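Heads up, the thing below is written out as structure tokens.
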Amino acid sequence: MGTGKFLSVFTPATAEQRKANFEDYWIFTQQHGGELFEDDKDLAKKRARLKHFQDNPVTLRKPLADPDAFYRNYVEMQDDPKSLDRMTLMLTGVYKFARHEWVGIKGAWDSVPDMANSHTVEDKISRVHLAEEFCHVRLFDEMLRTCGLDKVEWVPLGPIKEKIYEQFPKFPGFLMDTPAFVTELMGVTFYCHLHALFDDVLAEEPEVRDRLKELLDEITIDEVAHVGQRRNFIGPIGMKISKALVSPFYTMFFNDIPEVGELFDVKQMISDGQLFDFNELPEHMIERSWIPSYCKA
Ligand SMILES: [Fe+2]
Ligand SMILES: [Fe+2]
């Protein structure tokens with residue numbers, strides 16, 4: 001950790017470097033996820049991994065004291081968040097973060113070209129990327145099930161917000177690439193902080209703690225690769241814009257999830273996003289993930 005092997009994710013890159021990195025990412029992503037099952041929005045290796053978790057379930061030593069508190073607050077916070085225990089807040093917070101992700105990809109899946117109509121390497125990468133995001137929602141669902149929450153529904157946002165999410169991927173690249181990159185970066189930051197929170201909240205539930213970490217690692221490894229991949233769409237000016245967007249973007253997004261302010265240090269998350277350089281990630285993640293060549297020292 002902190003070995004200085006990698007450079008800031010905001011390191012500028014030339015058009016030629018980016019082209020070569022798209023080719024390299026395309027090779028990586030095909031072996032990483034395995035066969036794409038487009039009708040199921042799924043990937044062979046991810047499906048097998050989820051099945052492994054489902055076939056080898058672990059359960060809480062002490063079941064949730066008040067599952068109704070989860071079900072009452074997971075879609076919209078009804079109670080005063082300060083009145084809820086940290087376990088409930090963590091689980092409703094995880095759901096809300098994942099729900100945003102799910103809504104975003106659901107809108108995008110129908111508006112980007114399918115694989116048969118993807119003629120550029122960027123289009124193909126984007127199609128597989130979306131399938132991976134659907135796998136993440138399944139892994140999040142499995143986290144909640146592991147905590148005994150098997151009645152979770154994935155609820156769409158209101159019709160207006162859904163429409164906005166559907167339009168987003170149709171925007172021209174120069175408008176859409178920077179927020180899309182910062183969103184992926186925000187995911188990695190959030191998951192790193194969530195990983196640390198598991199140690200704290202699940203100290204007395206080692207089996208579930210370790211399982212949730214395994215499930216989260218599956219997601220984070222993809223998300224780290226997405227950070228590099230989405231960064232690869234962006235030239236030097238867009239990179240400056242992206243860095244400037246980290247603070248307002250994280251602030252806006254996390255303000256929308258009341259659990260985050262209760263459980264996490266948002267200022268620290270913003271700072272981690274601005275300083276992100278891959279060096280803090282553990283080796284076992286780096287090995288299975290992807291980092292642009294120009295971010296390697
Ligand atoms: Fe994701
Ligand atoms: Fe992602």
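The values are calculated or read from the model by the stated rules, or taken from the named source; none is laboratory data. Predicted model only: the values in this text are computed from it and were never measured. Note that each Cβ is placed from the backbone with ideal geometry, even for glycine, and that neighbours are counted across all protein chains shown.
When you go through Asp79, Asp110, Asp150 one by one, which is the residue that is surrounded by fewer than 16 Cβ atoms within 10 Å (Cβ to Cβ), in a helix (DSSP H, G or I) and either more than 14 Å from the chain's Cα centre (by Cα) or within 14 Å of ligand 2 (Cβ to nearest atom) (or both)?
Among Asp79, Asp110, Asp150, only Asp110 is surrounded by fewer than 16 Cβ atoms within 10 Å (Cβ to Cβ), in a helix (DSSP H, G or I) and either more than 14 Å from the chain's Cα centre (by Cα) or within 14 Å of ligand 2 (Cβ to nearest atom) (or both).
Can you tell me which of Ile270, Ile241, Ile286, Ile237 is surrounded by fewer than 19 Cβ atoms within 10 Å (Cβ to Cβ), among the β-branched types (Val, Ile, Thr), under 18 Å from the mean Cα position of the chain (by Cα) and away from ligand 1 (no atom under 16 Å from the Cβ)?
Of Ile270, Ile241, Ile286, Ile237, the one residue that is surrounded by fewer than 19 Cβ atoms within 10 Å (Cβ to Cβ), among the β-branched types (Val, Ile, Thr), under 18 Å from the mean Cα position of the chain (by Cα) and away from ligand 1 (no atom under 16 Å from the Cβ) is Ile286.
Taking the criterion of being farther than 21 Å from Asp222 by Cβ, assigned to a helix (DSSP H, G or I), at pLDDT 95 or above and among the hydrophobic types (A, V, I, L, M, F, W, C), would at least one residue in the range 4-19 satisfy it?
Yes, the range 4-19 contains at least one residue that is farther than 21 Å from Asp222 by Cβ, assigned to a helix (DSSP H, G or I), at pLDDT 95 or above and among the hydrophobic types (A, V, I, L, M, F, W, C).
Just a yes or no: is a residue in the range 181-203 within 19 Å of Ala131 (Cβ to Cβ), out of contact with any Lys or Arg (no Cβ under 6 Å at 6 or more places or on another chain), of a type in the set (Asp, Glu) and at pLDDT 95 or above?
no
Of everything in the range 113-147 that's in a helix (DSSP H, G or I) and of a type in the set (Ser, Thr, Tyr), which residue is nearest to Tyr191 (Cα to Cα)?
Checking each candidate, the answer is Thr146.
Is one or more of the residues making up the range 155-170 crowded, with 22+ Cβ neighbours inside 10 Å and assigned to a helix (DSSP H, G or I)?
Scanning the range 155-170 turns up no residue that is crowded, with 22+ Cβ neighbours inside 10 Å and assigned to a helix (DSSP H, G or I).
Are any of the residues in the range 148-156 hydrophobic (A, V, I, L, M, F, W, C), over 27 Å from Val201 (Cβ atoms), more than 16 Å from ligand 1 (Cβ to nearest atom) and modelled with pLDDT under 95?
Scanning the range 148-156 turns up no residue that is hydrophobic (A, V, I, L, M, F, W, C), over 27 Å from Val201 (Cβ atoms), more than 16 Å from ligand 1 (Cβ to nearest atom) and modelled with pLDDT under 95.
List, please: which pairs have Cβ atoms under 7 Å, are six or more places apart or on different chains, and start with a residue in the range 186-208 that is in a helix (DSSP H, G or I) and end with one that is modelled with pLDDT of 95 or more and among the hydroxyl-bearing types (Ser, Thr, Tyr)?
Hits for this filter: Met186/Tyr250; Val188/Thr220; Tyr191/Thr220; Val208/Thr146.
Within the range 157-197, which residues are more than 16 Å from ligand 1 (Cβ to nearest atom) and among the hydroxyl-bearing types (Ser, Thr, Tyr)?
Thr178, the sole residue that qualifies.
Under 6 Å between Cβ atoms, at least 6 apart or on separate chains: pull out the pairs that start in the range 215-230 with a residue that is over 17 Å from Leu7 (Cβ atoms) and modelled with pLDDT of 95 or more and end on any residue that is assigned to a helix (DSSP H, G or I) and β-branched (Val, Ile, Thr).
Final answer for the pair search is Glu223/Val188.
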